Each structure stands twice: as C-alpha cells, then as structure tokens.
Amino acid sequence: MATASQPAGQPVPPATFGVRMHNFWRRVTDGLEVSQLWSQFETEARTSYRLYSKDVAAKTPEGLTDRGRRIHVIKEFFWAVFEKLSPARRVLLLVALVLLVIPHGGFQYSDHAGKAYAYEFNLQFWAGLLLLLLLILEIADRVVMKRDLQIAKEIQSWLLPGAPPQIPGLALAYTTRPANTVAGDYYDVFPRPGRINAENRVVLAIADVAGKSIPAAMLMATFQASLKTLSTAQVALPELAANMNRYACTNSQGGLRFTTSFLAEYDPANRTLDYINAGHNNPILRRASGLIERLDVGGLPFGILPEVKYESAQVTLAPGDWLIIFTDGLVEAENAKQDEYGEPRLLNALEINRSVEPTELLKRLMTELDLFVGNTPQHDDVTCMLLKSE
C-alpha cells in the first residue's frame with residue numbers, strides 16, 4: 001500500500017494506480033455503467049441524425065440513381081453539419097481536414113556555406129490541435145446555452161402548477177416531459193371566480209404550441225399569462241376562448257405558431273364540466289360503465305384566424321368516471337420500429353388500472369411508455385392529465 005512517506009521517483013504501486021484509474025474513469029463517466037454509456041450514445045446519435053437528416057431529405061431530388069443518391073446524401077450531410085458552424089469555425093474545420101489528408105510537410109534551405117537543412121512537420125498533429133480548438137469553442141457555446149436553458153427551465157417550472165389542488169368530487173394527477181430542456185406544452189388547474197349568481201369553478205387547461213424548444217416555450221409563457229388574465233373576466237367559456245384566440249393571433253406569425261388547447265370549467269356543486277376543444281387531441285372520457293366518449297366540440301386551434309366562434313359542450317361526471325386529457329406527444333411516441341404508442345395502448349392501460357388513484361395510474365402509464373419507446377429519442381413534448389370522479 002502506498003504511503004505519504006513513499007520516496008519520490010519510485011513507480012506507483014499497482015493498487016494505487018488502479019485506484020487512480022478507477023477514480024479517473026468515474027469522473028469521466030459520472031459513474032455510469034458501460035451499458036448506460038452506450039445507451040446514452042445511441043440516443044444522442046439518433047437525435048443528431050434526426051436533426052441533420054431533415055436538411056438532407058429536404059435537399060435530395062427525386063430520380064437519382066442509387067450511386068448518385070449516395071453521393072448526393074454524403075455531400076448534403078457534410079453541408080448540413082458544416083453550415084451549422086460560424087464562418088470562422090468553418091475555415092478552421094477546412095484547414096484541419098486539409099492537414100489531416102496531408103500527413104507530412106516541410107521545407108529545405110541552404111546557408112551561405114552551401115550546407116543544406118531540411119525541416120519536416122507532422123501536419124496531422126496540427127490538424128488535431130485545430131480540431132481540439134474547434135471542440136473547445138463549441139463546448140463553450142454549449143455551456144453558455146445550457147446555463148441559459150436551465151434558467152429558462154426553472155422559470156417555466158414556475159408557470160406550471162405544483163401539487164394537484166383539492167377539488168370536491170375529483171381526484172387528479174398531471175405530468176409533463178419536455179422533448180428538450182424547455183417545452184411548448186402547458187397545463188394548469190386553478191380556481192376561476194364563477195359568473196354572476198354561480199359558485200366558484202375550476203379551470204382545467206392543456207395546450208400544445210406548434211414547434212418545440214425555446215420558441216414554443218416563449219409562446220407557452222404568453223399563453224399562460226393570457227389565460228390567467230382573461231379568465232378573471234366574467235364571461236362564458238366560448239367568449240373566453242374567442243378572446244384567447246384573438247390574443248394568440250397577434251403572436252402566431254401569421255398562423256405558423258398556432259396552439260391547440262383544451263379548456264374546461266368544472267362546477268363541483270353540479271359535477272358538470274363545460275369544455276371547448278380548440279383543435280386539440282380529443283380527451284377520452286371513460287364512464288364507470290365502460291362506455292368511451294370523446295370530447296371533441298370546439299373549433300380551430302388558437303392563432304390561425306382571429307374571428308373564429310367557439311362552441312362549448314357539457315358533460316356530467318358521475319362517480320367512477322375517468323377523464324384523460326393529453327397532448328399528441330403521448331400517443332405519437334415511437335419505439336425503435338417507428339410504431340406509435342397510440343390510443344389503444346392508452347385505453348388498455350386505463351382499463352387495467354381503473355381501480356387505482358390517478359397518481360398511481362399516471363406513474364404506471366409513464367413507466368409503460370418508457371418501456372415501449374426504449375432508447376428511441378423523444379421527438380415531442382409529452383403531457384398528460386388524469387381525472388377521476390369520486
């Protein structure tokens with residue numbers, strides 16, 4: 001065993017060297033097993049390929065021969081990667097690639113006495129240094145962006161509800177999983193002062209902004225703010241939806257950044273749910289008898305046309321009824337075979353677990369979804385809200 005008094009210059013004992021290597025490896029891998037590292041690499045590789053392949057597919061013409069198509073795909077893949085660098089870094093990468101294919105270089109000269117001198121350089125070494133410099137610059141950008149995204153994630157988490165509120169006659173649970181650090185999905189449950197001569201009601205909302213990551217997250221924040229503000233007005237649900245739509249049209253880039261949404265008002269005294277489906281996935285209402293209903297009344301997604309009228313509908317929730325409200329990221333989640341999770345699996349999970357509480361069912365549902373997709377990268381935000389009438 002090595003001791004502090006071991007003379008300097010002597011070889012490190014094998015046990016000590018092994019410990020140091022073990023600690024070094026744990027620092028490099030964050031303690032992950034080889035299988036976990038491979039799984040992480042596979043997921044990241046698929047995500048990167050999905051990013052670049054979109055650019056390649058968009059620029060690949062029809063009618064090419066197999067050979068021509070392969071050459072074209074390789075060329076476009078190179079440009080898809082290359083153009084994501086800044087111009088200065090593209091030059092660095094080009095110089096490094098040139099030096100990689102020229103293994104050696106040098107020059108010769110003679111002094112006044114006629115003696116010849118020759119100098120040779122290992123150009124691949126300098127190519128490696130340039131690539132390392134390029135990597136350092138890219139990592140610096142990534143660290144800054146990751147820090148900013150983490151702050152954005154924390155801010156976004158403040159906009160979402162914490163523990164489910166206590167609502168007479170209802171048990172509920174909800175969760176969201178961003179495809180990236182921040183998401184374009186939104187959900188909320190909050191009390192809304194009732195209209196004149198009515199008791200206080202509860203607003204239930206789920207929304208899905210077109211797109212992902214930062215642009216969608218910014219619009220999600222505006223949706224949350226407008227919903228909370230406009231809900232204070234003493235207006236019926238259709239007028240609230242119309243006001244939401246008019247506001248969304250001012251931020252939707254001409255309809256490109258539209259928002260699908262499901263808005264509802266629950267009246268605990270009468271156990272009624274008034275709702276509007278603005279182009280969203282139809283929530284599933286499973287009656288205690290096993291009958292399945294779809295909540296599909298409403299209108300267009302918010303942000304497409306400013307003067308759209310919305311229709312509302314009403315259902316009564318009896319004891320034992322379940323309501324599942326979700327975004328398309330749940331049912332469209334894919335596995336390695338590109339099979340979608342789909343609504344049949346969602347209904348089956350509900351059927352099997354209908355006797356448990358929403359919190360437990362949601363946990364089992366997310367576990368089943370994880371097992372289904374495996375290592376396949378998540379391509380869309382996943383949000384789900386479960387309600388059980390008691």
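The values are calculated or read from the model by the stated rules, or taken from the named source; none is laboratory data. If you're wondering where the values come from, they're calculated on a predicted model, not measured in any experiment. Cβ sites come from the backbone with ideal geometry, for glycine too, and all protein chains shown count toward neighbours. Heavy atoms of the whole protein, side chains included, go into the accessibility calculation; ligands, DNA and RNA do not. Shrake-Rupley method; radii C 1.70, N 1.55, O 1.52, S 1.80 Å.
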Quiz item: Would you call ALA4 at pLDDT below 75, under 27 Å from ALA179 (Cβ atoms) and either open to solvent by 60 Å² or more (accessible area, probe 1.4 Å) or among the aliphatic types (A, V, I, L, M) (or both)?
Solution: no
Exercise. Determine whether PHE258 is within 20 Å of LEU323 (Cβ to Cβ), among the aromatic types (Phe, Trp, Tyr) and under 23 Å from the mean Cα position of the chain (by Cα).
Key: no
Quiz item: Among the residues of the stretch 269-298, which ones are outside any strand (DSSP E or B), surrounded by 15 or more Cβ atoms within 10 Å (Cβ to Cβ) and on the phi < 0 side of the Ramachandran plot?
Solution: HIS280, ASN281, ASN282, PRO283, ARG287, LEU295, VAL297
Quiz item: LEU149 passes all but one of (1) part of a helix (DSSP H, G or I); (2) under 18 Å from GLY329 (Cα atoms); which number fails?
Solution: (2)
Quiz item: What's the number of the condition GLY254 fails, among (1) modelled with pLDDT of 90 or more; (2) surrounded by fewer than 15 Cβ atoms within 10 Å (Cβ to Cβ)?
Solution: (1)
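Name the residue, out of GLU293, GLU357, that is without any contact (Cβ under 8 Å) to a residue 24 or more places away in the chain and more than 22 Å from the chain's Cα centre (by Cα).
Values: GLU357 fails: without any contact (Cβ under 8 Å) to a residue 24 or more places away in the chain.
Going through GLU293, GLU357 in turn, just one is without any contact (Cβ under 8 Å) to a residue 24 or more places away in the chain and more than 22 Å from the chain's Cα centre (by Cα): GLU293.
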Quiz item: Which is assigned to a helix (DSSP H, G or I), in contact with a Leu (Cβ under 9 Å, 6 or more places away or on another chain) and either in contact (Cβ under 8 Å) with a residue 12 or more places away in the chain or over 15 Å from ALA313 (Cβ atoms) (or both), of ALA233, ALA248, ALA264, ALA242?
Solution: ALA248
Practice problem: Within the stretch 322-331, identify whether any single residue is closer than 21 Å to VAL202 by Cβ, touching a Phe, Trp or Tyr at 6+ places or on another chain (Cβ under 7 Å) and open to solvent by less than 10 Å² (accessible area, probe 1.4 Å), and answer yes or no. | Solution: yes
Practice problem: Within the stretch 147-166, work out how many residues are open to solvent by 80 Å² or more (accessible area, probe 1.4 Å) and in contact with a Ser or Thr (Cβ under 8 Å, 6 or more places away or on another chain). | Solution: 2
